[in-house]
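Report on one structure; see the data block that follows.
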Amino acid sequence: MVTFIGEEFSARDEHGQLKVRIATVFPAARTIVTLPGIHATQRGAYIDAENEQRAKQNKPPLSDSEEEAAMMQSVDLFADEQGVVIRPAPSRMDLALAADDLLQELFPKRRIKYLFLTDANVRDALKKRGECWRMYLPPTRTAQIRQLITDSRAGIEGRAIYYYSHGSGTRYLTCETFRKLGDLDDTELRKHLREIATYCDHFNRNGFREVDFFLSPQGLSCSDVEAAANAPDAELRPRFEELCRRFLESVPVNLRVDDPDDTVWRSRMFGRLVTQRDDVLVDDRTTGLDSEFFMRVEWLPAGRIEEGELIVDPALDQPYGLQQEKQISPVVRGLILNLVQEYGDLEYINLGSVLPSDAHNPRRGGRREVYVSQIKQRRAANEVLQIIRMQKWGVRERLDQGKSLEEAMIESEEYSEYVLDRLLACRQLGMNLPQRQTARKVSERYDGSNWRYHGRTIWTPYFQRDYIAGFATDKVSVRRLSDRAYAMTFARLLGQTAGTNMIVGRAELTGEVVFDVGDEILLEDSMGVPHQIIVADHVGTFVDWRGSLESRAAEYAGPVVRRLGMVPDRGEFAEAYMGGFMERFVRIQEDCNRNQRAFDTLFKHRPWDDAGSLACRWISSLSRLRKSNARELCGLIRQNIAL
């Protein structure tokens with residue numbers, strides 16, 4: 001049984017809002033304190049309760065050293081509609097894990113998260129348990145950020161006048177909220193001013209202020225607020241108005257109103273709320289993934305390894321979300337088992353679902369699930385990061401089209417072969433792709449629209465490759481491009497990649513070119529200089545195999561046009577891009593002509609279909625390449641770049 005000093009987590013006020021926002025758990029005593037206040041006062045309440053109990057047993061109160069030892073056995077918690085967040089002391093992860101075990105008696109494991117993933121002790125403790133999915137991550141979408149800001153409103157002993165940061169433990173008071181205290185009667189106003197004065201001069205055990213003035217480091221002082229709170233009745237309002245004036249004047253004009261819809265105010269407040277230790281934001285590169293990619297990963301329950309045995313996390317089969325509306329894809333368990341079989345003696349394994357990027361095209365059909373796996377073998381020095389992409393058109397998708405199981409399986413195998421052949425064709429034409437890509441299958445139960453096969457086991461193909469440690473070309477920052485040498489090197493590499501992209505006819509089924517939209521990954525050397533661009537996904541290649549290359553000139557001018565306002569020398573940048581394009585295009589063209597027989601017969605063994613088999617697309621693309629004039633193509637692209 002868990003003892004509560006204060007309300008239980010489920011308690012709500014007359015407005016339906018949760019009463020408990022912060023709590024302190026004492027795992028050894030199986031006690032949770034939820035009384036209004038701050039974590040320090042909750043720890044004090046626990047000591048008071050202990051001493052009261054000891055008095056009833058005719059025992060002496062705890063000594064100072066015993067009190068300190070008891071308080072050190074506590075863990076800070078935060079509650080919201082999503083569940084509970086643990087703020088661990090990184091040096092005492094054993095204590096945090098004990099608190100975790102206790103909380104699982106009250107909440108589903110899915111609803112208990114951890115802060116401080118930027119700390120190696122916290123991160124490694126979770127990774128080794130196969131529980132990266134339990135790291136608390138702030139939202140990345142605007143609507144979710146607005147909701148986080150709204151949900152952060154909290155009080156101490158009075159009204160919810162603060163914006164509370166789980167990471168630092170600081171409560172931020174804005175000038176607008178402070179000014180609105182003037183709507184209260186004198187008694188309530190004094191009460192809140194005294195509360196602000198008391199806590200703005202206190203620091204929590206992580207070294208952060210309990211209360212701070214948002215965007216006003218020098219606007220007010222705790223002594224000023226205290227003086228106003230203790231002023232005679234006749235001076236209370238004038239002193240408060242003076243504090244409001246000083247607070248207001250210390251904040252930039254455009255940030256004086258609490259407005260989650262305003263981009264600048266929202267970003268500043270969000271930055272305060274998600275800041276953790278040493279002002280490091282939680283999107284730091286702490287898992288081997290680049291920050292932009294990492295923030296798109298929803299880590300899933302996987303499994304931990306104990307004495308060489310895989311212990312699958314029971315949360316894998318549990319629904320989650322506010323209304324338990326989400327289910328983990330049934331293929332996840334199969335992927336985990338495949339990875340364990342492939343890599344053998346493991347220390348831990350984590351698996352995450354990659355959320356679509358902003359550049360995701362919803363018009364693309366087929367299956368689009370992508371996963372990232374993080375694997376550590378016992379005798380290996382480093383982790384292995386793998387990207388897993390489900391085959392776009394597999395058995396499930398073809399059954400949904402009304403086909404028989406036999407037809408679906410045959411066509412799925414043919415498509416797998418087509419994808420791998422297309423990969424070879426891209427390599428042959430100079431596309432810089434990941435070095436290793438393997439094809440595997442995972443079984444799942446069919447539950448689609450073809451009722452004849454409901455409940456049947458089907459085998460779903462997927463492709464697995466190493467993670468590329470770089471960042472997408474469309475995410476290269478203005479700061480980087482403002483450096484002339486960097487911009488010129490990047491432009492040349494981007495031009496080279498564009499040359500190959502045009503030759504292989506990479507396009508959407510709807511017709512538009514696919515290039516520079518997130519699949520091209522830029523790698524830098526140890527000095528931070530652009531080194532190469534790797535195409536992470538060859539989706540869309542050989543879609544455009546009939547049209548003329550000249551008709552694509554405007555679209556291949558786009559990557560330059562979009563960056564003209566970011567680079568020091570527009571003309572130089574454009575010429576570097578064109579130079580790289582010309583260099584790569586001509587080299588591939590010469591290779592194709594010099595080794596004509598090798599190129600022409602590469603897919604001779606594959607079926608020919610004028611409607612668009614790969615063998616047909618390949619020969620058509622080679623013919624188009626040989627007929628093209630690289631200099632004229634560059635001229636057309638240049639005409640579409642308005643310098």
On Cα atoms only, tilt of 39-56 relative to the major axis of the chain in degrees: 50
Two-site label geometry, residue 233 and residue 523: point separation in nm, points 7 Å out along Cα→Cβ: 7.7
Bins of 10 Å, starting at 0 and running to the largest distance - Cα pair percent for the range 79-192: 12, 36, 29, 16, 7, 0
Size-normalised alpha-carbon gyration radius of the range 391-466, reference 2.2 N^0.38 Å: 1.26
Charge tally in the Cβ shell below 15 Å around residue 234, where Lys, Arg are +1 and Asp, Glu are -1, residue 234 excluded: -2
Trypsin sites (Lys or Arg not before Pro) restricted to DSSP loop in the range 552-608 with at most 11 other C-beta within 10 Å: 562, 604
Formal net charge of residues neighbouring residue 54 (Cβ-Cβ distance under 15 Å; K, R +1; D, E -1): -4
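Using the Cβ atoms and a cut-off under 9 Å, what net charge is assigned to the surroundings of residue 516, where Lys and Arg are +1 and Asp and Glu are -1? Could the numbers behind the result be given before it?
Working: positive: 562; negative: 474, 519, 520.
After counting each charged neighbour, the total is -2.
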Gain in span if fully extended, residue 48 to residue 485, counting 0.36 nm per residue against the direct Cα distance: 150.8 nm
Compactness of the chain as Cα Rg over 2.2 N^0.38 Å, two decimals: 1.18
Label point distance in nm, residue 632-residue 509, each placed 7 Å from Cα along Cα→Cβ: 3.3
The chain: angle of helix 93-103 to the longest principal axis, Cα-based, in degrees nearest 10: 80
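For the range 105-259, would you read off the P(r) tail past 29 Å as a percentage of all alpha carbon pairs?
Cα-Cα pairs in the range 105-259 separated by more than 29 Å: 30 percent.
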Kirkwood Rh in Å, taken over the range 584-625 so that all alpha-carbon pairs contribute: 10.8
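For the chain, what does the helix formula give at 222 nm: sum of -39500 (n - 2.57) over DSSP H segments with n ≥ 4, over the residue count, nearest 500 deg cm²/dmol? Present the calculation step by step, with values, prior to reporting the outcome.
Values: 21 runs with 248 residues, N = 643.
The per-residue figure over the chain is -12000 deg cm²/dmol.
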Residue 113 long-range amide H proximity, modeled H, under 5 Å: 84, 85, 86
Compactness of the range 417-501 - radius of gyration and Dmax, Cα, Å: 20.0, 63
Projected-area mean, the range 471-639, by convex hull of Cα positions, square nanometres: 10.2
Amide proton proximity set for residue 367, modelled H, under 5 Å, gap of 5+: 393, 394
Rounded tilt (10° steps) of 484-503 against the dominant C-alpha axis of the chain: 50
Cut-off under 5 Å, modelled amide H: who pairs with residue 472 long-range: 522
Quarter of Cα convex hull surface for the range 1-73, i.e. mean projection, nm²: 5.5
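Quick note: the coordinates plus some simple rules give every number you see, no bench work behind them. Model, not experiment: these values are computed from the prediction. Glycine gets a Cβ as well: all are built from the backbone with ideal geometry, and neighbour counts include every protein chain shown.
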